[in-house]
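Each remark here refers to the structure printed beneath this line.
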Amino acid sequence: MFALREIPAGFKICVDRAWTREEVNSSEPLLGILSSLEPRKGSLEEKFDLNAMGCDKNDDSTVPDRVVCMTMSRVNHSCNPNSEHAYVHGCKVKVLVALRAIQEGEEICFSYKSYDDPAFESTAEECRVGLKFKWNITCSKDCICYDKPRLKLVTKARKKDRQIQESASVGDSKAALDYVKQKDDILKQMNVSDFSAVTMRNCYDGFQIGVMDKATVCIAKEFLSRGSKFLLHFMAKITHRPKNGRSTTTIPLVIAIMR
């Protein structure tokens, strides 16, 4: 997928119908829609396993673990992605948003395995092994996932994430909020986008903890304001699902799909 024009940060690039494993296995018409996905001669089940994207369940058992999309499943991987996708449960769609400004002609990519997400404990090496095993992707030695200063920041962010949970679980909101701020500083050093789910989760933690004390309500409002960027750009104005499994873009001719 390539940008046919400059795309600003936070722009909603694509809204794509998301198909669950059950829908794929029970719908013969989907064979035509998904037939060009790899493996070319594979079954719908095999195409789903190779191309499915994860969904953030947020403890909601009704949200599927993984879904496949006609357009978004063709997007290539990057350890330094310029876009990110999220599932909108009520509309059964995936939304792709620009994490930063994307130049005309630039390839649009997202991460298949996030080595730098503080919420997950997978190491960069484990992610590289997974990329090679499932998609035959090999990261070059100059890939950002080998960057030692960044990996140290990832380790620090994960430690703060654990400290936030530990402090909040024992009712120490002051310490928990301090850890949220420290983690926020680390995320900024990592150049994590304000439109990333990683930033949104930290802002949500800051808001939830900050409203527990009158003295920190103003801080909670600041985190809420920043976290709203994520929700507004991923969720706003999505009131229906694309027809017939087709994807939509918010401005015509924003992207080109290379088959």
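Residue count for the range 21-54, restricted to those that are surrounded by 18 or more Cβ atoms within 10 Å (Cβ to Cβ), touching an Asp or Glu at 6+ places or on another chain (Cβ under 9 Å), closer than 21 Å to Ser111 by Cα and not basic (Lys, Arg): 2.
Taking the range 166-201 as the range and being modelled with pLDDT of 95 or more, under 24 Å from the mean Cα position of the chain (by Cα) and part of a helix (DSSP H, G or I) as the test, the residues that pass are Tyr179, Val180, Lys181, Gln182, Lys183, Asp184, Asp185, Ile186, Leu187, Lys188, Gln189. When residues in the range 108-126 are screened for being surrounded by 20 or more Cβ atoms within 10 Å (Cβ to Cβ) and more than 19 Å from Arg201 (Cβ to Cβ), 2 of them pass.
For the residues Gly32, Gly42, the requirement of being in a loop (DSSP other than H, G, I, E, B), in the same structural domain as Lys113 (by TED's automatic domain parsing), over 19 Å from the mean Cα position of the chain (by Cα) and at negative phi singles out Gly42. Taking the numbered list (1) modelled with pLDDT under 95; (2) farther than 30 Å from Val15 by Cα; (3) not small (Gly, Ala, Ser) in turn, Arg158 passes all entries but (1). Among the residues of the range 61-73, not a single one is hydroxyl-bearing (Ser, Thr, Tyr), outside the structural domain of Met190 (by TED's automatic domain parsing) and under 19 Å from Cys143 (Cβ atoms). When each of Ile164, Ile209, Ile186 is tested for being buried (at least 17 other Cβ atoms within 10 Å of the Cβ) and without any contact (Cβ under 8 Å) to a residue 40 or more places away in the chain, the lone residue that passes is Ile186. Quick check on the range 133-142. Is at least one of its residues crowded, with 16+ Cβ neighbours inside 10 Å and closer than 21 Å to Asp194 by Cβ? No, the conditions are met nowhere in the range 133-142. Residues of the range 35-83 that are of a type in the set (Ser, Thr, Tyr) and in contact with a helix residue (DSSP H, G or I) (Cβ under 6 Å, 6 or more places away or on another chain): Ser73 alone.
The values are calculated or read from the model by the stated rules, or taken from the named source; none is laboratory data. Given the structure is predicted, the values throughout are model-derived calculations rather than measurements. Here the Cβ is made from the backbone with ideal geometry for all residues, glycine too, and neighbour counts use every protein chain on show.
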